[in-house]
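Please treat every number below as a calculation from the coordinates, not as lab data. Just so we're clear, the structure is a prediction, and the values are computed from it rather than from any experiment.
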Amino acid sequence: MKTLSIITLLGLLLAGTPALAQAGPQTEMSTMGKIAAVDLQRGTLTLDTGAQFTLAPTLQYTTALAINQEVQVTYSEQSG
């Protein structure tokens, strides 16, 4: 399973969430799913699709992340 860095996390609870962008031009990709696991100590988020993401340390939450919460994740792949 690849670990990907989140550039933008949108659609928590299908409501708007402020976007987080990293400096520099990067190709962004997007996926949707339900949160299967979240580990804020490790900074990881896993979707029910099996996709695992590393949360940016500067990510600020406007709502709490919850299991089975439908989210849209916009991200860019870094270091493979």
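Results, tabulated for the structure shown:
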| read-out | value |
| --- | --- |
| Mean separation of Cα contacts under 8 Å (6+ apart) over length of the stretch 22-80, as relative contact order % | 43 percent |
| The stretch 34-76 - convex hull of alpha carbons, volume per residue in Å³ | 79 Å³ |
